[in-house]
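Please read the structure below before turning to the comments.
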Amino acid sequence: MKDIVSLCKRRGFIFPASDIYGGLNGFWDYGPLGTELKNNLRDRWWKDMVTTPPIGPDGAPVQIVGLDSSIIQNPKTWVASGHVGGFSDPMVDCKETKKRYRQDHLVVLTAEKADRWPAFHEETEDDEILKRLKKLGMPSDLSLFEKTNLTKLPIEDYAKIIGPDVKEPGTLTEPKEFNLMFETYTGAIQSEDSKAYLRPETAQGIFLNFKNVLDSSRVKVPFGIAQIGKAFRNEVTPRNFIFRSREFEQMEMEWFCHGGEAKMWQDFWLEERANFWKAVGLSDGNIIIRGHDADELAHYAKEGLGTSDIEYKFPFTDPGYGELEGIAHRCDFDLKAHEEHSGQKLAYLDPSRDNERYIPHVIEPAAGLTRGVLALICEAYTVDENRPSGVYLNFTPAMAPKKAAILPLIGKDEHVPIATKLYLELREEFPVDLDIKQNIGKRYARQDEIGTPYCFTIDNDTIADGTVTVRERNTMAQERISLDKVAEYLREKMKV
Ligand code: ATP
């Protein structure tokens with residue numbers, strides 16, 4: 001991860017936010033190439049959801065419309081959705097170090113006879129655990145212990161636990177609720193009455209507009225509303241680069257259907273969404289689908305079919321996986337809650353079911369856009385000792401921030417005008433780079449590190465016979481093609 005983070009900064013993918021002030025924990029800025037990469041992933045999602053949504057089980061394309069709702073909504077929204085009351089992670093504090101941990105992120109090594117049970121962050125590697133056991137003067141043999149999540153232990157046992165950053169047991173407090181929503185105020189006067197929240201998910205903006213969309217467009221249940229946008233959570237322990245940040249972007253679609261069809265649609269969307277992540281470049285072997293256990297289900301999912309996550313094997317979770325997207329059955333929880341709190345009728349009168357009146361159920365594929373960007377970068381990062389850069393980013397052509405680079409072999413003579421002309425022609429169709437400075441090896445190295453799939457080099461032969469060299473990023477193989485065939489060549493390659 002250290003190498004990935006450093007490449008992201010060096011080449012302009014991702015910078016710490018407020019870098020010149022020393023950063024701000026949990027916030028990140030997307031640089032010139034990171035923005036392009038994020039836009040590519042975002043646009044592909046929008047295309048697959050809204051522009052060309054999939055063919056449904058009945059052979060007809062499903063209906064999905066787009067939305068861009070406000071980040072700040074009437075605060076009653078978050079009371080109705082359960083976020084004001086319940087959107088919090090139970091936390092335990094360490095009385096000695098004043099550190100705060102998410103209860104579900106700590107694991108404890110228990111052993112029935114022992115009176116000291118060391119706790120660790122869930123991602124701590126076994127060799128680190130062994131080292132610490134030694135330091136604590138305990139037998140460094142993992143087979144003597146059982147690994148238990150802290151959420152599974154009763155409060156009475158907390159006295160035996162040695163917190164992750166201390167040497168003696170008994171410093172962890174009971175779990176307390178910690179609200180994750182950022183608060184702000186609307187208007188000039190800051191009081192309880194003017195308190196508002198930055199949205200912690202984009203989904204609620206969709207539920208608030210369910211009726212507006214039904215009344216103003218020609219959609220009929222089943223249909224979906226899709227939205228991409230920022231979400232904010234005051235995460236207690238932001239970490240793992242952009243994986244868990246306090247400001248991030250989500251791509252969420254709420255699929256409204258009859259309760260009786262919820263299972264069919266959940267299966268449908270689970271398959272569609274897993275295919276999406278593969279289509280943008282994540283390999284089969286790095287993705288798994290995991291059903292939630294009953295004790296991790298969200299408040300809205302308790303009654304229904306539950307949630308299945310699409311998870312990715314990030315370098316910091318390996319050999320385990322981290323959530324990329326959840327496909328939840330939210331039942332009719334949200335629309336019902338907004339109906340109760342707003343007093344507005346949100347039931348649907350279904351002409352195709354003998355005018356049955358019902359509150360639709362919701363299947364929600366909720367993905368992290370910024371977390372997806374991290375998965376794309378981790379997947380693409382390829383070490384290769386045989387090239388000057390030592391590493392290249394193996395993006396699919398569709399996701400690569402730059403599709404091609406045009407490199408005049410020598411920066412001063414007649415190669416440059418030909419390269420510039422080609423650049424001006426190609427950029428109408430593709431994001432391309434014209435790179436004139438430095439020797440050709442350094443320029444190839446830079447393009448490898450930013451994941452550009454093709455480089456076209458203009459040299460003396462171009463002047464003599466109208467051909468250019470194409471260099472393919474992964475194989476470094478070179479061939480010559482005709483200068484006037486370059487656009488067609490790229491068009492062909494971008495289809496993959
Ligand atoms: P977690 O259990 O990891 O906190 P969650 O289950 O609460 O996540 P959801 O509410 O289902 O997450 O959000 C949908 C998606 O939004 C997640 O799958 C993830 O990709 C993304 N996401 C959630 N929280 C964050 C965060 N703090 N930083 C970046 N992405 C996030």
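The values are calculated or read from the model by the stated rules, or taken from the named source; none is laboratory data. On a predicted model such as this, the values are computed, not experimentally measured, just so you know. Because the Cβ atoms are built from the backbone with ideal geometry, glycine has one as well, and the counts that use them run over all protein chains shown. We work out accessible area using only protein heavy atoms, side chains counted, and drop any ligands, DNA or RNA first. Shrake-Rupley method; radii C 1.70, N 1.55, O 1.52, S 1.80 Å.
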Reachable lysines from Lys421, criterion Cα separation under 19 angstrom, eight or more residues apart if same chain: Lys402, Lys403, Lys412, Lys437, Lys485
3J(HN,Hα) from dihedral phi, the range 385-402, Karplus parametrisation 6.51/-1.76/1.60, rounded to Hz, x for glycine, proline: 4, 7, 10, x, 6, x, 7, 9, 9, 8, 5, 5, x, 5, 8, 4, x, 10
Sequence-distant residues sharing a close amide H with Arg239 (under 5 Å, placed H): Arg244
Gain in span if fully extended, Phe27 to Thr237, counting 0.36 nm per residue against the direct Cα distance: 74.4 nm
Mean shadow area of the range 88-178 over all directions, Cα convex hull, nm²: 5.4 nm²
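What do you get for Rg/Rh over the chain if you use C-alpha atoms and the Kirkwood form of Rh? Walk me through the intermediate numbers first.
Values: Rg = 26.4 Å, Rh = 25.8 Å.
Dividing the radius of gyration by the Kirkwood radius yields 1.03.
Arranged from highest to lowest average of other beta-carbon atoms within 10 Å per residue, in what order do the peptides 390-400, 109-119 appear? Provide the component values of the computation, followed by the final result.
Values: 390-400: 20.6, 109-119: 15.8.
Averaged packing, sorted descending, gives the order 390-400, 109-119.
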The chain - percent of accessible surface contributed by carbon and sulfur, probe 1.4 Å: 50 percent
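Pull out a ≥ b ≥ c, the square roots of the eigenvalues of the alpha-carbon gyration tensor of the range 333-455, then state rounded if a/c is under 1.5, prolate if not and a/b is larger than b/c, and oblate in the remaining case. All intermediate terms of the calculation are to be shown ahead of the outcome.
Values: a/c = 4.77, a/b = 2.74, b/c = 1.74.
Judged from the Cα gyration tensor, the range 333-455 comes out prolate (a/c at least 1.5, a/b above b/c).
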Highest to lowest packing among 240-248, 422-430, 376-384, scored as the average C-beta count within 10 Å: 240-248, 376-384, 422-430
Square roots of 5 times each gyration tensor eigenvalue, C-alpha, the range 1-105, largest first, Å: 34, 27, 15
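Using helices alone, I'd like the mean residue ellipticity at 222 nm for the chain: each DSSP H run of four-plus residues gives -39500 (n - 2.57), total over residue count, nearest 500. Intermediate values should be presented prior to the final figure.
On the way: 14 runs with 134 residues, N = 496.
Calculated from helices alone, the mean residue ellipticity at 222 nm is -8000 deg cm²/dmol.
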Binned Cα-Cα distance frequencies in the range 45-151 - 5 Å width, integer %: 2, 9, 12, 11, 10, 8, 8, 9, 9, 9, 8, 4, 1, 0
Aspartates and glutamates whose Cα lies under 20 Å from that of Lys99, excluding same-chain neighbours fewer than 8 positions away: Asp89, Glu122, Glu123, Glu128, Asp157, Asp165, Glu168, Glu174, Glu177, Glu235
Shape call, the range 163-230: gyration tensor on alpha carbons, a/c limit 1.5: oblate
Fraction of alpha-carbon pairs over 14 Å apart in the range 226-266 - percent: 61 percent
Residues whose placed amide H lies under 5 Å from that of Gln63, excluding near-sequence neighbours: Gly224
Residue-wise HN-Hα coupling along the range 405-414, computed from phi with Karplus coefficients 6.51, -1.76, 1.60 (Hz; x: Gly, Pro): 10, 10, 10, x, 4, 10, x, 9, 8, 6
Helix 369-380 vs. the chain, principal-axis angle (Cα, 0 to 90°, nearest 10): 50 degrees
Label-point separation in nm, Ile289 to Ile436, each point 7 Å along Cα→Cβ: 5.3 nm
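Can you work out the FRET efficiency for the pair Leu144 and Lys99, with r the C-beta to C-beta distance and R0 = 30 Å, to the nearest 0.05?
Details: r = 27 Å, r/R0 = 0.89.
After rounding, the FRET efficiency stands at 0.65.
Compute the accessible area per residue over the chain, keeping the other protein chains in place, probe 1.4 Å, unit Å².
Heavy-atom SASA per residue in the chain reads 48 Å².
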